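Colleague: Handing you a structure now.
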Amino acid sequence: MPTEVAPTDSEQSTRETIARAVALLRAGEIVALPTETVYGLASDALDPAAVEKIFAAKERPHFDPLIVHVPSKTALHEVAEVPEDTAKTVVQLVETFWPGPLTLLLPKRPVVPDIVTSGLPTVAVRQCEHPVFHRILKHFGGPVAAPSANRFGKLSPTSAAQVLEQLDGRLPLVVDGGACARGLESTIVRVRAAAPKPVIEVLRPGPVTEVELKKFGRVEFAGRNAEVEDSAPEAPGMLAVHYAPRTPLRLLSAPSEFVAEPGRRYALLSYRGQEKDGYLGLHPWDSVEVLSPGSGRLAEAGIRLFHLLGRLDRGGYDEIVAEPVPERGIGRAILEKLRKASCGPR
């Protein structure tokens, strides 16, 4: 089928695009929608046949569960149970971070089809803050399932053009809401009752950071032992290999790890683009892209990560070499994406 790209550059075009997207969702179709994190591939979350179209378009294995997006905070209770022993913390997180890039893993209600959760008893839920996405869900009137709008395992798209690069002809409509403001997928957490403070377990690092979360409990990270190679993740985004460009990528931890092979073309993904960091002068790079020029701001690096990886991936290089970023705040999420995309040792 031909894929239409619908604009939202004026109020008139936005209203028309919203009406088109809602009509398609109600008809059981899939639609690519902008979120504040990355573009999502959406369908009616309560329609198993519509959700199946997401898996088919993405070539996503059915063992990898999807995130459900709800139109309001109160709609959380329509798709998920909130256990009494963690209810206070869950409410605090929802009131603080919704709408926004925080996903909660909770026991699912029977109304959520098993295809959405890959047969698991839990469902991943969030409320998106992108204004166009929000208006579409408000008019649609129910939850949508919406993983990233890319081929399975490939780079997540942060623009409508990047959605078309991977999914053109596989869906009827892409809603062009401009570039994504955050650039990284949502933080996914699970709350566990514990004394003296509840535990907020981070299953996937993202824009909501440890510093922000620790106000509400003791923060723990699931770690690599919770990742799986090719089956049965307990939440979206927990496969060990993911977010990969076509070009092999190597994440360095120190400049001394890099040794060039004769005849190969190398591109560098630099953090700050500064000589003193020790990477720019290692090699006469065929191309250099900088995540956050100058002082190095992790938030900016997160926004630019998938965009710059995509640009380097189209350059025809033999390998992309990535500098590390500081493992603090959103830097933890950036490193996770680079590690999962890396062809090097894990």
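All of the numbers you see were taken from the coordinates with simple rules; none came from a lab. Predicted model, so just to flag it, every value in this text is computed and none were measured. A quick note on method: Cβ atoms are made from the backbone with ideal geometry, for glycine too, and the neighbour counts reach across all protein chains shown.
Colleague: Are there DSSP H segments in the chain that both extend 18 Å or more along their axis (alpha-carbon positions) and score a mean Kyte-Doolittle hydropathy of at least -1.0? List them, or say none.
Modeller: On the way: long enough: 11-26 (22 Å, -0.28); 298-313 (22 Å, 0.62).
Those that clear 18 Å and a mean of -1.0 are 11-26, 298-313.
Colleague: Evaluate the distance, in nm, between pseudo-label points positioned 7 Å from the Cα of His77 and of Val259 along their respective Cα→Cβ axes.
Modeller: Result for the modelled spin labels: 6.3 nm.
Colleague: For the chain, give the share of DSSP beta bridges that are antiparallel, in percent and rounded to the nearest 5; count only bridges with both residues there.
Modeller: Details: 18 of 46 bridges.
Bridges in the chain are about 40 percent antiparallel.
Colleague: Take every Cα pair under 8 Å in the range 1-147 that's 6+ residues apart, average their separations, divide by the length, and report that relative contact order as a whole percent.
Modeller: That works out to 32 percent.
Colleague: For the charge dipole of the range 15-98, defined by +1 on Lys and Arg C-beta atoms and -1 on Asp and Glu C-beta atoms about the Cα centroid, which residue among Ala27, Thr74, Ala87 has the Cα displaced farthest towards the positive pole?
Modeller: It is Ala27.
Colleague: Could you tell me which of rounded, prolate or oblate describes the range 4-123, using a ≥ b ≥ c as the square roots of the eigenvalues of the alpha-carbon gyration tensor, with rounded for a/c under 1.5 and, failing that, prolate when a/b is larger than b/c and oblate otherwise?
Modeller: On the way: a/c = 2.19, a/b = 1.34, b/c = 1.64.
Cα axes put the range 4-123 in the oblate bin.
Colleague: In this model, which of Lys276/Lys337; Lys88/Lys138; Lys73/Lys108; Lys108/Lys340 are farther than 18 Å apart at the alpha-carbon? Before the final figure, lay out each step's value.
Modeller: Numbers: Lys276/Lys337 25 Å; Lys88/Lys138 26 Å; Lys73/Lys108 16 Å; Lys108/Lys340 28 Å.
Lys276/Lys337; Lys88/Lys138; Lys108/Lys340, as the Cα separations exceed 18 Å there.
Colleague: Taking amide H positions as placed 1.01 Å from N in the peptide plane, with prolines and chain starts having none, which residues 5 or more places from Asp64, or on another chain, fall under 5 Å of its amide H?
Modeller: none
Colleague: Follow-up. So if I place +1 on the C-beta of Lys and Arg and -1 on the C-beta of Asp and Glu, and nothing else carries charge, what would the dipole magnitude of the chain be about its Cα centre? I want it in debye, nearest 20.
Modeller: Details: 41 positive and 43 negative charges, 98 e Å.
Computed charge dipole of the chain: roughly 480 debye.
Colleague: Assign one of three labels to the chain, namely rounded, prolate or oblate, based on the Cα gyration tensor with a ≥ b ≥ c the square roots of its eigenvalues; rounded applies when a/c is under 1.5, prolate when it is not and a/b is larger than b/c, and oblate otherwise.
Modeller: Cα axes put the chain in the oblate bin.
Colleague: Which value, in Å to one decimal place, does the Kirkwood hydrodynamic radius take for the range 249-341 when every pair of different Cα atoms is included?
Modeller: Details: mean 1/r = 0.0759 Å⁻¹.
Across the range 249-341, the inverse of the average 1/r is 13.2 Å.
Colleague: Could you give me the ³J(HN,Hα) list for the range 181-191, computed from phi with Karplus coefficients 6.51, -1.76, 1.60 and θ = phi - 60°, whole Hz, x at Gly and Pro?
Modeller: Going residue by residue, I get 6, 9, x, 10, 4, 4, 6, 10, 10, 10, 9 Hz, with x marking Gly and Pro.
Colleague: Any idea what the dipole of the range 249-341 comes to, in debye rounded to 20, about its Cα centre with Lys/Arg Cβ at +1 and Asp/Glu Cβ at -1? All intermediate terms of the calculation are to be shown ahead of the outcome.
Modeller: Values: 14 positive and 13 negative charges, 68 e Å.
For this selection, approximately 320 debye.
Colleague: Let me ask something additional. What order do you get for 307-317, 37-47, 141-151 when each peptide is scored by the mean count of other beta carbon atoms within 10 Å, highest first? Please list the in-between numbers first.
Modeller: Numbers: 307-317: 17.6, 37-47: 25.9, 141-151: 23.7.
Per-residue mean Cβ counts within 10 Å order the peptides as 37-47, 141-151, 307-317.
Colleague: Could you give the distance between the Cα centres of the range 89-153 and the range 1-44, to the whole Å?
Modeller: After rounding, the separation between the Cα centres reads 17 Å.
Colleague: Here's something else I'd like to know. Name the residues whose placed amide hydrogens come within less than 5 Å of the amide hydrogen of Arg265, ignoring near sequence neighbours (fewer than 5 apart) on the same chain.
Modeller: Asp318, Glu319
Colleague: Checking a compactness column here: for the range 298-346, what do you get for Rg(Cα) / (2.2 N^0.38 Å), N being the number of residues? Mind dumping the intermediate values first?
Modeller: Numbers: Rg = 11.1 Å, N = 49, 2.2 N^0.38 = 9.7 Å.
So the Cα radius of gyration is 1.15 times the expected 2.2 N^0.38 Å.
Colleague: At a 10 Å Cβ-Cβ cut-off, how would you order Ile136, Ile54, fewest neighbours first? Could you put the intermediate results ahead of the total?
Modeller: Values: Ile136 28, Ile54 24.
By the 10 Å Cβ count, ascending, the order reads Ile54, Ile136.
Colleague: Continuing with the same structure: Please list, in chain and number order, the residues 5+ apart from Val288 or on another chain whose amide H is under 5 Å from its amide H, with Hs placed from the backbone.
Modeller: Long-range HN contacts for Val288: Leu268.
Colleague: Looking at the square roots a ≥ b ≥ c of the eigenvalues of the Cα gyration tensor of the range 93-214, which shape do they give, rounded for a/c under 1.5, prolate if a/b is larger than b/c, or oblate? Walk me through the numbers on the way to the answer.
Modeller: Numbers: a/c = 1.83, a/b = 1.53, b/c = 1.19.
Here the range 93-214 falls in the prolate category.
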